[in-house]
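The values are calculated or read from the model by the stated rules, or taken from the named source; none is laboratory data. Bear in mind the structure is a predicted one, so any value in this text is a computation, not a measurement. Neighbour counts run over all protein chains shown; Cβ positions are idealised from the backbone, glycine included.
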Amino acid sequence: MRCTCHFSAKTTEAVCPEAEVSSFPRDGLPGNTTSLTIQFTQHLTAIPLLEELHLPGNKLSSLAADLLKGLHYLHTMDLTDNKLQEIPAYGFHHAPLLNLVFKDNRISSIHPDRLPNNSNITWLDLDGNHLMKFPMAQLQSLSHLKVLHLSQNKLEELPVGCLVAHPAQERFNVDQNKIQSLDVKAFCCSGNLTHIFLQKNRS
């Protein structure tokens, strides 16, 4: 496998674009790598300074619970366009994530223990999944959330006070769902909310 490294004064980016990766270059990447785009692997402890991990389009159906263990600087994880049917148990409890992207997977529900308590996550993207109910209880731990993407799911309603647990939330995307009506109190206690996207909802 060949990777290309890009260096700047503050960052070191490694891009490993090959479609199939059978081994991880544990001894080949710079130790100060801060951004990595690569196929699935469980050997990330070799790059403890990693800040961003992008794993789009890898057909992943599961992740190891300790995949992010030891990554104390990781703030962004992108799992766009995979085959995840659920958020892995405890998979995101080991890193101080701010941005978590599950766009275009197959997630139909979220278990309460999947996201860490007192999470620092500010951006959660679940666009293009199979959610039928707004995961209100499951998102209670995301008190710092600012942006929530739930577009292109199968949501039929938004519960009253669905964003109460997220006082810092600024943007809420729920376009292209199956929402037919809204309760006047759906967005109560959301004083920082500046953008709501509801277009193309239908029965």
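Residue-wise test of (1) in contact with a helix residue (DSSP H, G or I) (Cβ under 9 Å, 6 or more places away or on another chain); (2) touching a residue at least 12 places away in the same chain (Cβ under 8 Å); (3) basic (Lys, Arg).
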| site | (1), (2), (3) |
| --- | --- |
| Gly91 | yes, yes, no |
| Ala95 | no, yes, no |
| Leu98 | no, yes, no |
| Val101 | no, yes, no |
| Arg106 | no, yes, yes |
| Asn120 | no, yes, no |
| Asp125 | no, yes, no |
| Phe134 | no, yes, no |
| Ser141 | yes, yes, no |
Checklist entry - Can you name the residue in the range 88-132 that is within 12 Å of Leu148 (Cβ to Cβ) and of a type in the set (D, E, K, R) and, of all such residues, is surrounded by the fewest Cβ atoms within 10 Å (Cβ to Cβ)? => result Asp127
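Based on this model, can you work out whether Glu156 counts as touching a strand residue (DSSP E or B) at 6+ places or on another chain (Cβ under 9 Å) and either more than 18 Å from Leu100 (Cα to Cα) or surrounded by fewer than 20 Cβ atoms within 10 Å (Cβ to Cβ) (or both)?
Working: touching a strand residue (DSSP E or B) at 6+ places or on another chain (Cβ under 9 Å): no; either more than 18 Å from Leu100 (Cα to Cα) or surrounded by fewer than 20 Cβ atoms within 10 Å (Cβ to Cβ) (or both): yes.
Taking the combined requirement at face value, the residue does not satisfy it.
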Item to check | Where a residue in the range 160-181 is among the aromatic types (Phe, Trp, Tyr) and in a loop (DSSP other than H, G, I, E, B) and its partner, wherever it lies, is surrounded by 15 or more Cβ atoms within 10 Å (Cβ to Cβ) and at pLDDT below 95, with Cβ under 7 Å and at least six apart | outcome: none
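With the requirement that a residue be of a type in the set (D, E, K, R) and in contact with a strand residue (DSSP E or B) (Cβ under 9 Å, 6 or more places away or on another chain), what does the range 47-72 give you?
Glu51, Glu52
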Checklist entry - Among the residues of the range 175-185, is there at least one that is polar (S, T, N, Q), at pLDDT 95 or above, buried (at least 18 other Cβ atoms within 10 Å of the Cβ) and within 19 Å of Leu60 (Cβ to Cβ)? => result no
